[in-house]
Amino acid sequence: MSETTDRRSHPRWHLAWPRSFRLAGAIGLAAAALAGGAGGAAPALAASTYPSNAALVGLAATPDGGGYWEVASDGGIFAFGDAGFYGSMGGKALNAGVVGIAATPDGKGYWEVAADGGIFAFGDAGFYGSMGGKALNAGVVGIAATPDGKGYWEVAADGGIFAFGDAGFYGSMGGKSLNAPVVGVAATPDGKGYWEVAADGGIFAFGDAGFYGSMGGQPLNDPVTSMAATPDGRGYWLAGSDGGVFAFGDAKFYGSMGGTRLVASVNSIARASGGSGYWLGAVDGGVFAFGSASYDGRAAYAPPTPPASTIGQRAANLAISWDGLKYTGVNTDYWHAPASAKTAVYWCAYFASYVWQHAGVSVPTESYVPTFQTWAQQNGRFSSAGATLHVGDLIFYSPKHVGVVVQVSPNGSVSTEDGDWGGSGSSETAFAQSSKVVLNTFNTRNGEGAGHYTISGIGLIG
């Protein structure tokens, strides 16, 4: 497979402000088949469960709605129902983790897209170019295919759109000010437009895509993570990380996981045939089916639990146990941050210093990354970017962020647990209050880490 040069037109953009608003409630469980990651929600049907080596990041349905694929961050593919397996990147070296999947129109192939913009085509999916190996202002977060399957769009977290094959460029939010990062993209039925959705529920419509409302500026229990469009393109659904579903235009509400305790966050939504239902997919591989969507099986992912025989492994074990949880975590455990922080904000440095403290490092509770990095430098626990990473180490980033290393793989990929991640809001305070601890997988060979942040140094735990 070779990657050819990309095609990106000059930006022509517009922001569609609300003209109408219709919200179908995000709470309440529909009389639908449920299966997967909800605590206390058992699978409605006896169906296959397959273990995954990495977190699940995307979900795509077959054209007739008789099956679906789940894709993991390591490129592994899991096929259910009438979905065929046509190959995957599972077990192969990746420069960056996979972040999404799109199926071909006949369902006989699919594309995987990675955070660096790399495209991997399988079955009858054609390769039409990618952003792999090219400089990006922000990591790629999603993909949408054209109606004839002869092209696709990639969308980045800053709202940038990259069009390949017969996909047209109709504008983007790239270079524009955003209240929250873009998390997904969906195309119109004729392929002459698309929507971008942001973590705060904001919708940006381009080309012939209509604006039918959004959650932008509305209170959310958790960030929006994905979207799907109705068959006629006159509506769309948004899904939140808590499993809440918001329906706009002619999109009907068939139920959600909002208000139900989940083992892992929801990060994808796929439309059933005819728009008469939808599936939600979660990080742990849980699949929740509503309306006409049927449950046909799931992948199952649990973060690795390293033995706590060394200080680094103890740190990783503790960090992993917080995956997907908010700052209040379990039984209102606040990472042991100062009391003043419990009603204020919860920075990533609070999380990292909490992990080190409970692994056995006498580090003060730090609220800001620069002071944490300075402490590490002054106490012999700092190395420059590019140093060999070990489980339990910290990665300091510029701009201000810090994550805890929980896995270092032989192929060069690294996984970190990051506090203050995936939130929404117009200020850092609001963002922090709505964020969670999130597992990120990436490759550091280009001096970049989670979210394509530039690595400024390494905190040495041992």
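Data for the structure
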read-out: Separation between Cα centres of the range 190-243 and the range 136-156, rounded to whole Å; value: 16
read-out: Among the listed pairs Lys92/Lys176; Lys252/Lys326; Lys326/Lys400; Lys150/Lys192; Lys150/Lys176; Lys176/Lys400, those beyond 24 Å (Cα-Cα); value: Lys92/Lys176; Lys252/Lys326; Lys150/Lys176
read-out: 14 Å beta-carbon shell around Leu178, net charge (K/R +1, D/E -1); value: -3
read-out: Thr371 paired with Ser273, simple spin-label distance in nm, labels 7 Å along Cα-to-beta-carbon; value: 6.0
read-out: Built amide H within the under 5 Å cut-off of Gln407, gap 5+; value: Ser415
read-out: Per-residue HN-Hα couplings for the range 129-143 [Karplus 6.51, -1.76, 1.60; θ = phi - 60°; Hz; x = Gly/Pro]; value: x, 6, 9, x, x, 10, 5, 10, 6, 8, x, 6, 10, x, 9
read-out: 16 Å Cα-Cα reach of Lys108 towards aspartates and glutamates, excluding residues that sit fewer than 8 places from it in its own chain; value: Asp64, Glu70, Asp82, Asp124, Asp148
read-out: Rg over Rh, two decimals, the range 183-286 (C-alpha only, Kirkwood Rh); value: 0.95
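Every read-out reported here was derived from the displayed coordinates using simple, explicitly stated rules and does not represent laboratory data. On a predicted model such as this, the values are computed, not experimentally measured, just so you know. So basically every Cβ, Gly included, is an ideal-geometry build from the backbone, and we count neighbours across all protein chains shown.
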